[in-house]
Amino acid sequence: MTEHVRVAVIGGGIVGCSVLFALAERGWTDTLLLERRELTSGSTWHAAGNTTFFGHYVSITRLYVESVAAYLRAEDESGQAISFHAAGSLRLATTPAELDAYRSLEPMYQAMGVPYHVIGPTEIEAVHPLLNTAGLFGAAHTPTDGHVDSSGATHALAQAARKRGAKIKRQCPVETIAPHKEGWRLGTPEGEVIAEHIVLANSFWAREMAEQIGLNLPLYPLQHHELITDAIPELAALDFEVPTVRDPWAPSNTRQEGHGFLCGVYEAKPEFWATDGIPPDFAEELLPPDTQRLERHLLKVIERMPAFGRAGIKTVNNGPICYAPDGCPLLGPVVDHPGLWLATGFPVGIGTGGGSGAFLADWMVNGEEPYGLPIVHPARFPNDLTREACLAQIAETYRQGYGTPEPA
Ligand SMILES: Cc1cc2nc3c(=O)[nH]c(=O)nc-3n(C[C@H](O)[C@H](O)[C@H](O)COP(=O)(O)OP(=O)(O)OC[C@H]3O[C@@H](n4cnc5c(N)ncnc54)[C@H](O)[C@@H]3O)c2cc1C
């Protein structure tokens, strides 16, 4: 059977569902999302759910800010809880240059109406009593960001989109894509889909899919670890949740999870996964963890938060995460391929997915980029970038963790 739709979205992670919801909000509901397995089956289900307003790149701050807003709207419309914890975040300044750069961003946040303060060590101790401030010059404090339940947010987006008329097919992998006189033709085990527009929101699977039409997307999966500790009495004793700590020196992010900590580590020597192609039998399982690799990083985290070192480790997750060489997503139209849109390559897809869905939907519906964001344009990478060049640059981007932002 052949189905005709205006837009087919490939991939039901947080990004695909964000695009579907944003299109529906703009009145485009002749849409169909196709998911290989179940919604969240890629990286989304095991993500820590951090949604900061001060991420890796200052120029995409609006994507972060608009993500939480989109998830909250979807929660409202669907009734599906997203469990947003507005515990705030601290981005630590471990050098005077970092502190100066953070200060220079105050006008930008003020213009966006986002609470943002540069604070000193005494104020840091007040909001995060478990943090050792020795050697810190201060921190940027974004008190209204936090974390969500990644699966809850994805299902809220999907349900809200459905309520507005969008369709979702699960257990329906897209096997082929090809240009068609009406747009694009997708081959699935259940038949063909003809769509005016298609959106590749299938993360690290997108590289092989795009090869079918001669595109060389610079996307590869990296292994990324997160650890969850047992309960920590000092945390349990507090009557508030401590903010997430992003530490450029460690480099890591550590937030409260129940009465323990959840810590994501950016390794100095990251390991890739499946660079020759995603195994066809890969479902949604985690990768084998390697805590030895993390040891020297965790020692730094413990120096910063001594209570972390006194707690037992409850869980270690190692999951694949999709990276482009510069760590920014590929978001927008593909040049010379009318109707083909990318929403892929998201290393912080929970933090930026909702805002990215809105950005792409505005572009699709209005035919022009809603605001200038060249750092996400797919065309920023040439089609002949070698695999070796990609891997080297991705490793460098990852190991830098939370680099000093360009002063505004
Ligand atoms: C341990 C860990 C912790 C993380 N913590 C955070 C965090 O705190 N905050 C944050 O912002 N990010 C975090 N991330 C990253 C985050 O998980 C990803 O950026 C995000 O989930 C990407 O979403 P996505 O929708 O692009 O991709 P995915 O969630 O991978 O979704 C892609 C979907 O496409 C489907 N698909 C693939 N091929 C096809 C096909 N041919 N046909 C149909 N469907 C297909 C897949 O089944 C999958 O469901 C973390 C990652 C890891 C590994």
Go through 58, 122, 155 and say which Cα lies farthest out towards the positive end of the charge dipole of the chain; charges sit on Cβ, +1 for Lys and Arg, -1 for Asp and Glu.
-> 155
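Sum up the charges of everything whose Cβ sits under 10 Å from the Cβ of residue 395, counting Lys and Arg as +1 and Asp and Glu as -1, but leave residue 395 out.
On the way: positive: 269, 399; negative: 267, 271, 396.
Residues near residue 395 contribute -1 overall.
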Cα centre as origin, Lys/Arg/Asp/Glu Cβ charges: the stretch 1-119 dipole, Debye = 180
Percent antiparallel among DSSP beta bridges with both residues in the chain, to the nearest 5?
-> 70
Can you give the angle from 0 to 90° between the axis of helix 291-304 and the longest principal axis of the chain, with both taken from C-alpha atoms, to the nearest 10?
-> 50
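Per residue, how big is the convex hull around the C-alpha atoms of the chain? Give it to me in cubic angstrom, could you? Mind showing how you got there, number by number?
On the way: hull volume 53.0 nm³, N = 408.
Measuring per residue, one finds 130 Å³ for the Cα hull of the chain.
Roughly to the nearest percent, how much of the accessible area of the chain is carbon and sulfur, given a 1.4 Å probe? Intermediate results must be reported in sequence, preceding the final value.
On the way: 8090 of 15670 Å².
Carbon and sulfur together cover 52 percent of it.
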Where in the stretch 170-209 is the amide nitrogen less than 13 Å from a point lying 7 Å along the Cα-to-Cβ axis of residue 2?
-> 180-187, 191-196
The helix 61-78 Cα axis meets the longest alpha-carbon principal axis of the chain at an angle in degrees, between 0 and 90 and rounded to 10, of 70
Probe 1.4 Å, all protein chains in place: accessible area of residue 380 in Å², nearest 10?
-> 60
Mean projected area (nm²) from the convex hull of Cα positions in the stretch 205-252 is 6.1
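Tell me which GluC sites (Glu not before Pro) from the stretch 170-245 have a DSSP coil assignment and no more than 16 other beta carbons within 10 Å of their own. Intermediate values should be presented prior to the final figure.
Working: sites: 175, 182, 190, 192, 196, 208, 211, 226, 234, 241; in loops: 175, 182, 190, 241.
When the GluC sites (Glu not before Pro) of the stretch 170-245 are filtered for loop state and at most 16 Cβ neighbours within 10 Å, 175, 182, 190 remain.
Under the √(5λ) rule applied to the eigenvalues of the Cα gyration tensor, what semi-axes describe the equivalent ellipsoid of the stretch 269-408? Give them in Å, descending.
Working: eigenvalues 214, 75, 51 Å².
Ellipsoid semi-axes (Å, largest first): 33, 19, 16.
FRET efficiency for residue 181 and residue 369, Cβ-Cβ distance as r, R0 = 30 Å, nearest 0.05? If you can, show how the numbers build up before the last one.
Values: r = 27 Å, r/R0 = 0.89.
The calculated FRET efficiency here is 0.65.
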Area accessible to solvent at residue 314, 1.4 Å probe radius, in Å² = 130
Taking Rh as the Kirkwood radius computed over C-alpha pairs, what is the Stokes-Einstein D of the stretch 1-137 at 25 °C in a medium of viscosity 0.890 mPa s, expressed in µm² per second?
-> 136
In what sequence, largest accessible area first, do 348, 148 appear using a 1.4 Å probe?
-> 348, 148
Please report, for the Cα atoms of the stretch 75-204, the Rg to one decimal and the Dmax as a whole number; what are they, in angstrom?
-> 22.7, 64
Length gain on complete extension for the stretch residue 190 to residue 236, per 0.36 nm per residue less the alpha carbon to alpha carbon distance?
-> 11.4 nm
Excluding residues fewer than 8 places away in the same chain, name every one of the aspartates and glutamates whose C-alpha is closer than 12 Å to that of residue 181.
-> 196
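Give me the dipole magnitude in Debye, nearest 20, for the chain about the Cα centre, with unit charges on the beta carbon: positive for Lys and Arg, negative for Asp and Glu. Mind showing how you got there, number by number?
Values: 29 positive and 48 negative charges, 30 e Å.
Taking the Cα centre of the chain as origin, the dipole is about 140 debye.
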Around residue 279 (Cβ within 15 Å, Cβ-to-Cβ, excluding residue 279; K/R +1, D/E -1) the net charge comes to -2
Accessible solvent surface per residue of the chain, calculated while the other protein chains remain in place, 1.4 angstrom probe, Å² = 38
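The values are calculated or read from the model by the stated rules, or taken from the named source; none is laboratory data. Keep in mind that what you see is a predicted model, and the values were worked out from it rather than measured. Methodologically, a virtual Cβ is constructed for each residue, glycine included, from the backbone with ideal geometry; neighbour enumeration extends over all protein chains shown. The area values use the complete protein model at the heavy-atom level, side chains included, leaving out ligands, DNA and RNA. Shrake-Rupley method; radii C 1.70, N 1.55, O 1.52, S 1.80 Å.
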